[in-house]
Amino acid sequence: MAKPVVEIRDLSKIFQRDSFSVTALENVSLTIHEGEFLCLMGPSGSGKTTLLNIIAGIDHPTGGQLSVLDADITSMSEDRLAAWRNVHVGFVFQTFNLIPVLTAYENVELPLLLTKLSPKERKEHVLTALKLVGLEDRVDHYPRQLSGGQEQRVAIARAIVTDPTLLMADEPTGDLDAHSAEEVLDILSRLNKDFKKTIVLVTHDPRAAHHATVVRHLEKGQLLPLSP
């Protein structure tokens, strides 16, 4: 049995909006095992992205217990949490978040500038990551010279270049056409199957569920039971 990398018990998140309280997550309990490809599905406003951000240490829960890689990340200082994220978490966003004045190579290299790797080692890592996503021939291209699907593949290369323990993807196919979306999902699936990456994918795209090893549904901040 694969070991748990994320353990969540009775987790809640409440946002304050002026005098109103909005419950984004309510009593969520979830275990994610090493090597799992978890697809979190649900309508807009169901709490999917909030849960993803809490697991990644970007947001903090209001209550409950959260352990990621045997660490209580809710008790870490912001500096320690940032260092922990740099080592353990790769993030893929819906809107790519590439820097337009940097080439594909330079965008992918960015996270490595925070490490102690030599320029030669950084180059090896960057070229390996770009090859994994099928863009070794686009290293000198700027984002404006790439299609949306290629931009997202560069973003995936940037997320995996540090070899993170967890790969988090928030609606990575949301801005893509059907063909590009399938290419991105195939890459994530290959990272999971061939490289044993633990992946948490947030989406409302039903095609994504076919690539995942586990599918869970959120509705109004509550995690629905697994179907029998």
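The values are calculated or read from the model by the stated rules, or taken from the named source; none is laboratory data. Because the structure is a prediction, the values reported are computed rather than measured. With ideal geometry, Cβ positions are generated from the backbone for all residues, glycine too; neighbour counts draw on all protein chains shown.
Quick notes on this structure:
- The lone criterion from (1) acidic (Asp, Glu); (2) surrounded by fewer than 15 Cβ atoms within 10 Å (Cβ to Cβ); (3) closer than 24 Å to Lys48 by Cα left unmet by Asp140 is number (3).
- Against the conditions (1) closer than 25 Å to Leu117 by Cβ; (2) polar (S, T, N, Q); (3) surrounded by 21 or more Cβ atoms within 10 Å (Cβ to Cβ); (4) modelled with pLDDT under 95, Thr198 satisfies every one except (4).
- Whichever residue in region 190-209 is outside any helix (DSSP H, G or I) and basic (Lys, Arg) and, among such residues, is nearest to Asn53 (Cα to Cα): Lys197
- Looking across region 215-228, just one residue is surrounded by 18 or more Cβ atoms within 10 Å (Cβ to Cβ) and assigned to a loop (DSSP other than H, G, I, E, B), and that is Gly221.
- Criterion: of a type in the set (A, V, I, L, M, F, W, C), in contact (Cβ under 8 Å) with a residue 24 or more places away in the chain and closer than 25 Å to Pro4 by Cβ - qualifying residue of Ala104, Ala71, Ala56, Ala83: Ala56
- Selection within region 89-117: residues that are at pLDDT 95 or above and over 16 Å from Ile160 (Cα atoms). The member of this set that is farthest from the chain's Cα centre (by Cα) is Val101.
- His125 meets the stated requirement of being surrounded by 15 or more Cβ atoms within 10 Å (Cβ to Cβ), out of contact with any Gly (no Cβ under 8 Å at 6 or more places or on another chain) and of a type outside the set (A, V, I, L, M, F, W, C).
- Of the numbered criteria (1) within 14 Å of the chain's Cα centre (by Cα); (2) without any contact (Cβ under 8 Å) to a residue 40 or more places away in the chain; (3) more than 18 Å from Ala56 (Cα to Cα); (4) in a loop (DSSP other than H, G, I, E, B), the one Ala212 fails is (2).
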